[in-house]
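To start, the structure under review is shown below, and the notes come after it.
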Amino acid sequence: MDVDVLIAGAGGAGYPAAFRLSKAGFSVIMADPKGELGGNCLYQGCVPSKTVRELTQMIKRAKLLNTNIDVNFQLIQNHKDKVQETRFKQHKSELSETHVEFIKGEVEIVDNHNAIIKGDKDLNVRAKYIILATGSEPFRPKFPGENLCITSDDLYKYKSPIRELPKEMVIIGGGYIAFEAATMFNILGTKVHVLVRSDKILRGIDSKLSSTLLSLMDKNIDIRFNSPVLEVKKNSKSLDVIFSHNGNKELLTADQVLLATGRSPVYPKGIEKTEVKTDRKGIIVDNSIITSVNNIFAPGDINGISMFFHSAVRQSLVAAHNIMAGGTPIDYMDFNSVPKTIFTFPPIAYIGITPDIAKKNGIEIVEASYPFAKDSRAQMYEEMEGEIRLFFEKTSLRLIGGWIIGIDAPSLINEIGIAMANGLTARQIADYADQHPMTNEGVSYAARSIF
Ligand code: ADP
């Protein structure tokens, strides 16, 4: 079969390009072994984990009314499955409105232009362009008993067999997945322990942001630093986790052990038959999303630059636009303007240049902040810890970065992001009448504080 574009993977990096290119008149074939659109994000990642988080948030807020809420994890998981089903159906109907040919199957690469889709039957495809959008999967470090641990995929996957709230959970890892799960299960009533290999959490984010988050997390969560795992063993009813700490062997017991040790790219079979280059993070692309082979594109988690669904969607469209332009780039991904949220309790979100990056690069900044202690909506929920903080370039007072610690961080970051991506100045932000009584008020309030 001859097509203009073959797309491997139907997640956030795959289907937006498929829809865009098909609308522009290109013949598009897209394959995914899941047989559903939405990728790992919908099947076992962001959508289900954030559904469980939203319900946890409701439980936490309902405690303001002194209600004794009986947490029923089975009902939480049922609702999660229902949301996933709704979205599977929605994507099916969106797909039916396009001319994209979607096949349930795995793409195996033959060379720069040819591939086989291994589905019910093998289909040989010759394509002018190939989009590799095969995403990522949880990384599993090797230690004895690693196979006894679950990953976030097991917890959140569609129809997950885990329907009972763990009484005690050990989480291995110090990144965002570890602390999102830790703070959430802590509220649901699980006794949570986190084993962090080094002395830091959330490497790669601004040091003040991570230390503030650490200070705000519930002290009931047992965080052990410098504690690499040695072994996990089955005992009669639960699991023993043996780890090292200050040269000693220590032991924790839990009914679930969650491995949250990062994600690695998934390459389609046969990728070595192309000249596509990879590095430690994934397939090498520049901000045109073109790989080292000029007819092959690699948006999304597979390039490891910015592993978020919303980043993948924009990268997918950049790839589509550059294919529409015949492979000569006309569109570029702005990786600096991707908002990032860590959905802990409290949540944090950030974008662009933060003080650590500014210092490293000799950029002079002006900081403007707004404490949630003053915010009416934060007061309604008694969630007054944290702040909104904006970073302006000193000479132009243009917004170049920002963060939110606390209430509504995941949605507030978008107002800051759109202002930053479009080069707004402190004056322009200060003059905007943000909606009262919502936490957005703090964005313009913070900007006004420097005048
Ligand atoms: P992204 O956000 O980058 O789109 P995801 O991990 O959410 O990443 O989605 C990647 C999708 O690619 C998954 O649905 C997965 O099933 C699919 N996939 C993985 N390997 C292959 C392959 N060889 N052929 C086709 N699809 C694949």
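Observations on the structure shown:
- The convex hull around the C-alpha trace of the stretch 224-292, projected and averaged over every direction, spans 8.1 square nanometres.
- Cα-based values for the chain, radius of gyration first and Dmax second, are 23.1, 67 Å.
- Judged by the mean number of other Cβ atoms found within 10 Å, the most tightly packed of the peptides 210-217, 255-262, 395-402, 312-319 leads the ranking 312-319, 255-262, 395-402, 210-217.
- Counted over the stretch 263-312 with a bin width of 5 Å, the fraction of Cα pairs per bin, in whole percents, is 5, 23, 32, 27, 11, 2, 0.
- For the stretch 63-70, putting each phi into the Karplus relation 6.51 cos²θ - 1.76 cosθ + 1.60 with θ = phi - 60° gives couplings of 5, 4, 8, 6, 7, 8, 8, 8 Hz, in residue order, rounded to whole numbers and with x for Gly and Pro.
- Just so you know, the Cα atoms of the stretch 145-188 work out to an Rg and Dmax of 10.7, 28 Å.
- Comparing Cα centroids, the stretch 395-451 and the stretch 264-287 end up 38 angstrom apart.
- For the stretch 1-41, the spread of Cα positions along each principal axis, largest first, Å: 28, 20, 12
- Ranked from largest, the principal axis spans of the Cα set of the stretch 59-191 equal 62, 43, 24 Å.
- Exposure rule at most 13 other beta-carbon atoms within 10 Å, DSSP loop GluC sites (Glu not before Pro): the chain longest free segment: 165-274
- The stretch 22-125 - Debye-derived log10 I(q)/I(0), Cα point model, q = 0.13, 0.15 Å⁻¹: -0.65, -0.76
- Candidate lysines for bridging to K142, where Cα separation is under 22 Å - those fewer than 8 sequence places away on the same chain excluded: K200, K233, K234, K249, K281
- Other residues with beta-carbon under 15 Å from the beta-carbon of M324 carry, at +1 per Lys or Arg and -1 per Asp or Glu, a net charge of +1.
- Pairwise Cα distances in the stretch 183-313 exceed 24 Å in 51 percent of cases.
- Cα gyration tensor of the stretch 324-370 - equivalent ellipsoid semi-axes, whole Å, descending: 30, 19, 9
- Using only the C-alpha atoms, the convex hull of the stretch 301-344 corresponds to 72 Å³ per residue.
- For the pair the stretch 1-75 and the stretch 107-158, the centres of their Cα atoms are 17 angstrom apart.
- Loop sites in the stretch 204-284: trypsin sites (Lys or Arg not before Pro), DSSP, at most 16 other Cβ within 10 Å: K219, K237, K269, K277, R280, K281
- Isotropic mean projected area of the C-alpha convex hull, the stretch 317-404 (nm²): 8.5
- Distances between placed amide hydrogens fall under 5 Å for G145 paired with V232, all partners being 5 or more residues away or on another chain.
- The stretch 110-183 - Rg (one decimal) and Dmax (whole number), Cα, Å: 18.8, 54
- Each principal axis of the Cα atoms in the stretch 384-424 has its own extent, and those three values, largest first, are 32, 17, 9 angstrom.
- The charge dipole of the stretch 292-370, taken about its Cα centre with unit charges on the Cβ atoms of Lys, Arg (+1), Asp and Glu (-1) only, comes to about 100 debye.
- Fraction of accessible area attributable to carbon and sulfur, the stretch 327-407 (%, probe 1.4 Å): 52
The values are calculated or read from the model by the stated rules, or taken from the named source; none is laboratory data. This is a predicted model, so every value here is computed, not measured. Every residue, glycine among them, receives a Cβ derived from its backbone with ideal geometry; neighbour counts consider all protein chains shown. Ligands, DNA and RNA are stripped out before the accessible areas are found, and what is left, the full protein with its side chains, is counted by its heavy atoms. Shrake-Rupley method; radii C 1.70, N 1.55, O 1.52, S 1.80 Å.
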